[in-house]
C-alpha cells in the first residue's frame, strides 16, 4: 500500500466512477482498475462494489476511505510543512459562517502571522464549510446550524470523516441602525420589525439558516453575500433590520448599530468547530481558537 493508491481510492470515492476518476487523475481506466484490484487483493476485502450505475462503497470500504482520507491529509500537511525549507509559501485556510466575532478573532491572528504565510478566510454556509474542510484542504471550519438540525449535520460530518466540537450556542438578535425608530428598545417583538426592510444573506436554500419568525412580515428584502455591505446598508436605511449572531462592541460602535433581543420564536443556533479526523491542531489553530475564545468571553451574556 502506498500514498498514491490512497489518492486513487479517494478520487474514486469522490466521483463514484472509475472512468471519471481516471480522467481526473490523468491516467487510463485499465491502469486505475488494475491498481484498485491490486490494493483490494492486498487488503483482503472489496473497497467498492461495481455496477452499471457506477461505484458504491462497501461497509468496510467506508471505514477504509475515512482512514485513507486522514492519512493523505496528514501526508500533505507533513510535506507542506517540512519540504522546501520550512514555512515559506504555507497557507492557512479557514471556512466559517459570516459572523463578526469570528472575523474579529481572525483579524487578531492575522496581525501576528509569520512572514510568507498566506491566509485564506472564506465566509460561507454550513454545507460548504464541511466540503471545504473534508475535500478541499481547509485547516479548520466552523459550521453554524439550527439546533433542531443537529442530527443531520452530525451525520454529515461523520460521513465526511470530520471531528467536531461545539464552540457555543446562542439565539439570533435583531440588528438595526441607531437611527431606527425603536432603537432604544432592548428587546424587539414581531410588531417592531413588521413592515421593515429585512437584510439577509443569500443562503436561504440552506435549512440551517432559517431565520426567526421569517414569515412575510417585512415589505421588502435585500439579499447580500458578505458582511461589509450589510453594515453599510443597516447604517443608512433607518427601518432596516437583520438577524445576526452577537456582534462585538467595536463593530457596533464603528457602524453606529445596536442589537436587540427578540421575544418571539428565535430557535437556538450552534457554532461547531470542525477538522479532519486524526489531525493534530497546529500552533496557528491554537492561536485562532484562543482569539475566538476571547471574543466569545466578551459576548458571554448572549450565550444560550
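The values are calculated or read from the model by the stated rules, or taken from the named source; none is laboratory data. On a predicted model such as this, the values are computed, not experimentally measured, just so you know. Counting neighbours? That spans all protein chains shown, and the Cβs are built from the backbone with ideal geometry, glycine included.
Testing residue 107 on (1) under 19 Å from residue 230 (Cβ atoms); (2) without any contact (Cβ under 8 Å) to a residue 12 or more places away in the chain; (3) surrounded by 14 or more Cβ atoms within 10 Å (Cβ to Cβ), one condition comes back false. Which one is that?
Unmet for residue 107, out of (1) under 19 Å from residue 230 (Cβ atoms); (2) without any contact (Cβ under 8 Å) to a residue 12 or more places away in the chain; (3) surrounded by 14 or more Cβ atoms within 10 Å (Cβ to Cβ): (3).
Looking at (1) surrounded by 15 or more Cβ atoms within 10 Å (Cβ to Cβ); (2) in a helix (DSSP H, G or I); (3) modelled with pLDDT of 90 or more, which one does residue 164 not meet, given that it meets all the others?
(2)
So that you can scan it fast, the table gives a plain yes or no per residue for (1) in a strand (DSSP E or B); (2) over 30 Å from residue 65 (Cα atoms); (3) touching a residue at least 12 places away in the same chain (Cβ under 8 Å); (4) outside the structural domain of residue 98 (by TED's automatic domain parsing):
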site: 235; (1), (2), (3), (4): no, yes, yes, yes
site: 238; (1), (2), (3), (4): no, yes, yes, yes
site: 241; (1), (2), (3), (4): yes, yes, yes, yes
site: 246; (1), (2), (3), (4): no, yes, yes, yes
site: 253; (1), (2), (3), (4): no, yes, no, yes
site: 258; (1), (2), (3), (4): yes, yes, yes, yes
site: 284; (1), (2), (3), (4): no, no, yes, no
site: 289; (1), (2), (3), (4): no, no, yes, no
site: 296; (1), (2), (3), (4): no, yes, yes, no
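Does residue 102 count as part of a helix (DSSP H, G or I) and buried (at least 22 other Cβ atoms within 10 Å of the Cβ)?
yes
Name the one entry in 140, 78, 127, 43 that is more than 28 Å from residue 266 (Cβ to Cβ) and touching a helix residue (DSSP H, G or I) at 6+ places or on another chain (Cβ under 8 Å).
Values: 140 fails: more than 28 Å from residue 266 (Cβ to Cβ); 78 fails: touching a helix residue (DSSP H, G or I) at 6+ places or on another chain (Cβ under 8 Å); 127 fails: more than 28 Å from residue 266 (Cβ to Cβ).
The unique qualifying residue is 43.
Every residue in the stretch 1-17 that is farther than 17 Å from residue 60 by Cα and assigned to a loop (DSSP other than H, G, I, E, B), please.
Of everything in the stretch 1-17, those that are farther than 17 Å from residue 60 by Cα and assigned to a loop (DSSP other than H, G, I, E, B) turn out to be 2, 17.
I'm trying to understand the selection: among the residues of the stretch 16-50, which are without any contact (Cβ under 8 Å) to a residue 12 or more places away in the chain and buried (at least 17 other Cβ atoms within 10 Å of the Cβ)?
22, 40
Taking the stated definitions as given, is residue 270 assigned to a strand (DSSP E or B) and modelled with pLDDT of 90 or more? Working first, answer last.
Working: assigned to a strand (DSSP E or B): yes; modelled with pLDDT of 90 or more: yes.
The answer is yes for residue 270.
Given (1) crowded, with 20+ Cβ neighbours inside 10 Å; (2) part of a strand (DSSP E or B), where does residue 138 come up short, assuming only one miss?
Against the list (1) crowded, with 20+ Cβ neighbours inside 10 Å; (2) part of a strand (DSSP E or B), residue 138 comes up short only on (2).
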